[in-house]
Amino acid sequence: MNYPLHIGFKTFALGNQGSVTDSTGSVIFFVKQKAFRLREAITVFTDTTQSTPLCTIRANKIIDFSAQFFFANMSGEALGSVKRAGARSLWKADYTTLDNDGNPVMKINEENGWIKVLDGLLRDIPVVGIFSGLMFNPSYLVTRPDGTAIARIKKEKAFFEGKFKIEKLGEIEPEEELRFLLGCFTSILLERFRG
């Protein structure tokens, strides 16, 4: 993949839709989350035509701060998962990406919790709140369990939509790239309305 990667979400769409593109503008995958589903059910496609499904992302709980999202290919074989750190994520976003055996392989942590607080305060002010996406844009550091940084996710300034950039900071092995991308995308999907 050609980094940096760009993730964008459609604002006015039935269900959540997002795409991941590389630095050349090529679509890596397209995601469509089914509307009106209590349990998260997300299908990942190879392109925007939605003709070739690549994998699925499913939550183990309906609504919970500590929900775990499992990745599987279209044959049902596990690809890993990502888990939110529960109530600790109320202050700063904190996610752990796990391999097929449940071992942690990556952490995704918000770099500055105060941005979340300031964004929440500003968003509640009538009229002024629509500008929060231009002022408070969180960033997330992706690290190995030993603390080695491998990527940074940064929300970009935008009105009424979510745009993110993933910059590569360290080595990512080809066999773990899909799990890495699904972990980052799922975390962003859950955090996209902030900032």
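Of the conditions (1) at pLDDT below 90; (2) exposed (fewer than 13 other Cβ atoms within 10 Å of the Cβ), GLU171 satisfies every one except a single condition; which number is it?
Failing condition for GLU171: (1).
Report every pair of residues separated by at least 6 positions or lying on different chains whose Cβ atoms are under 8 Å apart, first residue within segment 44-55 and assigned to a strand (DSSP E or B), second of a type in the set (S, T, N, Q) and at pLDDT 90 or above.
From residues that are assigned to a strand (DSSP E or B), the pairs are VAL44/THR56; PHE45/SER51; PHE45/THR52; PRO53/THR46; LEU54/THR46; LEU54/ASN73; CYS55/ASN73.
So which pairs qualify, if the first residue must be in segment 170-186 and within 16 Å of LEU141 (Cβ to Cβ), the second must be of a type in the set (Ser, Thr, Tyr), the Cβ gap must be under 8 Å, and the two must be at least 6 apart or on different chains?
Matching pairs, first to second residue: GLY170/THR148; PHE180/THR97; GLY183/TYR95; GLY183/THR97.
Conditions tested, residue by residue: (1) at pLDDT 95 or above; (2) more than 16 Å from the chain's Cα centre (by Cα); (3) among the charged types (D, E, K, R).
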{"residue": "ARG84", "(1), (2), (3)": "no, no, yes"}
{"residue": "TRP91", "(1), (2), (3)": "no, yes, no"}
{"residue": "GLU110", "(1), (2), (3)": "no, no, yes"}
{"residue": "ASP124", "(1), (2), (3)": "no, yes, yes"}
{"residue": "ILE130", "(1), (2), (3)": "no, yes, no"}
{"residue": "LEU141", "(1), (2), (3)": "yes, no, no"}
{"residue": "PHE159", "(1), (2), (3)": "no, yes, no"}
{"residue": "LYS163", "(1), (2), (3)": "no, no, yes"}
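The values are calculated or read from the model by the stated rules, or taken from the named source; none is laboratory data. In this text, all values refer to a predicted model and were calculated from it rather than measured experimentally. Glycine also receives a Cβ, built like all others from the backbone with ideal geometry; neighbour counts cover every protein chain displayed.
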